[in-house]
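Peer 1: Have a look at this one before I ask anything.
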Amino acid sequence: MDSPRVRILVASPLARVIAGPLAAAMPHATVVPAVDPLTVHREIKRAVRFDVVTTDLIWNRPELEYRFDGFDVLETLRRAERAAPVLFTAQGHSVERDHFEEAIHRSDVAGVIEKVSGFEALLNAVQATAYGRRPAEPVRPAGPPPLYTLFSGRRGRTAGRLAGAIAAGRASDGASLAKAAGVAPNTANKVAGRYLGPIIEQRREHDPELPMTLATVYRWCGVHARYLVSWCRRNGYPEVVGAI
């Protein structure tokens, strides 16, 4: 009896470009491309589970940049009860750093492949994952704690909501921030001193010789905007970031 075919989902705006060579290199596999969120949802919700899912960490399309990323693919798998090993592919740009740091700390992520390593690295990782082996882990960058770990617990999640509201452009002062983040005005007024200021300092992203001000906090949220919006969207606070 023939062994069952390996099923691979390639979720990326360039899925069709990647799926062809992948299918040619793995003739005993069924490779399914998904180039947009709608197709991703449709393919994941089919009856048969995938053996491997590979997806871009950040989807490089302007209309999706703040609305959908690799973690949304992971969340779709979870909600559909179609758990599968997920391989993230990363460009290696600095805008991906927050996403990258979360990916390498999560136990439900099989691995992260940097695109600069070439197609062979992706192929080797897909083959290893498809047959129950874990690909080589990327080197974890030394440095401050990732936002993924700092947005935990009651205060951390409040900080995440405050940051997301600012990053989404839904706040310009304490009153609008309280409304957008769904917190008390007194909480919003402490965004620099109690909630986001300490995180910025802990991550060493502010000159200690300068005061921690609202301008500092708002600028920092802009720098990390893609991740902050993504974090709120995926962690039960989509109303905080609104329609972007």
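Peer 1: How far, in nm, would the chain grow between T39 and D173 when pulled straight, counting 0.36 nm per residue and subtracting the alpha carbon separation?
Peer 2: Full extension from T39 to D173 adds 44.3 nm.
Peer 1: Just flag the GluC sites (Glu not before Pro) in segment 70-118 sitting in loop per DSSP whose Cβ has no more than 12 other Cβ atoms within 10 Å.
Peer 2: E81
Peer 1: Here's another thing I want to ask about it. Looking at the chain, send over the antiparallel percent of its DSSP beta bridges, to the nearest 5.
Peer 2: Percent antiparallel among DSSP bridges in the chain is about 5.
Peer 1: Could you calculate the contour length gain from A24 to E75, that is, 0.36 nm times the residue separation minus the distance between their Cα atoms, to one decimal place in nm?
Peer 2: Here the segment from A24 to E75 would lengthen by 15.4 nm.
Peer 1: What does the extension gain come out to for L14 and A243, with contour length at 0.36 nm per residue minus their alpha carbon separation?
Peer 2: The L14-A243 span can extend by a further 79.9 nm.
Peer 1: What part of the accessible area of the chain, given as a whole %, is carbon or sulfur when the probe is 1.4 angstrom?
Peer 2: The computed percentage sits at 52.
Peer 1: Sticking with this structure for a sec: If the reach is capped at under 19 angstrom between alpha carbons, list the aspartates and glutamates near K115, excluding any in the same chain fewer than eight residues apart.
Peer 2: List returned: D56, E65, D69, E96, D98, E101, E102, E137.
Peer 1: Within segment 1-65, report the trypsin sites (Lys or Arg not before Pro) that DSSP leaves as loop and that have at most 15 other Cβ atoms within 10 Å.
Peer 2: Those that pass, being in a loop and sparsely packed, are R5, K45, R46, R49.
Peer 1: Calculate, for R154 and E209, the FRET efficiency according to 1/(1 + (r/R0)^6) with r their C-beta to C-beta distance and R0 22 Å; round to the nearest 0.05.
Peer 2: 0.10
Peer 1: Which value, in debye to the nearest 20, gives the size of the charge dipole of segment 153-224 about its Cα centre, when Lys and Arg are +1 and Asp and Glu are -1 at the Cβ?
Peer 2: 420 debye
Peer 1: Can you give the accessible area per residue of segment 55-100, in Å², using a 1.4 Å probe?
Peer 2: 44 Å²
Peer 1: Quick one: if you take sqrt(5λ) for each eigenvalue of the C-alpha gyration tensor of the chain, what semi-axes come out, biggest first, whole angstrom?
Peer 2: In descending order, the three semi-axes are 37, 18, 14 Å.
Peer 1: Okay, next question. With a 1.4 Å probe and all protein chains in place, put L196, L150 in order of accessible area, largest first.
Peer 2: Of L196, L150, the descending order of accessible area is L150, L196.
Peer 1: Sticking with this one: Regarding segment 22-155, what are the three Cα extents along the principal axes, ordered largest first, in Å?
Peer 2: Cα spread of segment 22-155 along its principal axes, largest to smallest: 47, 29, 29 Å.
The values are calculated or read from the model by the stated rules, or taken from the named source; none is laboratory data. Remember, predicted model here, so these are calculated numbers, not experimental data. Cβ: placed from backbone, ideal geometry, glycine included. Neighbour counts: every protein chain shown. Accessible surface is based on the protein model in full, side chains and every heavy atom, while ligands, DNA and RNA are left aside. Shrake-Rupley method; radii C 1.70, N 1.55, O 1.52, S 1.80 Å.
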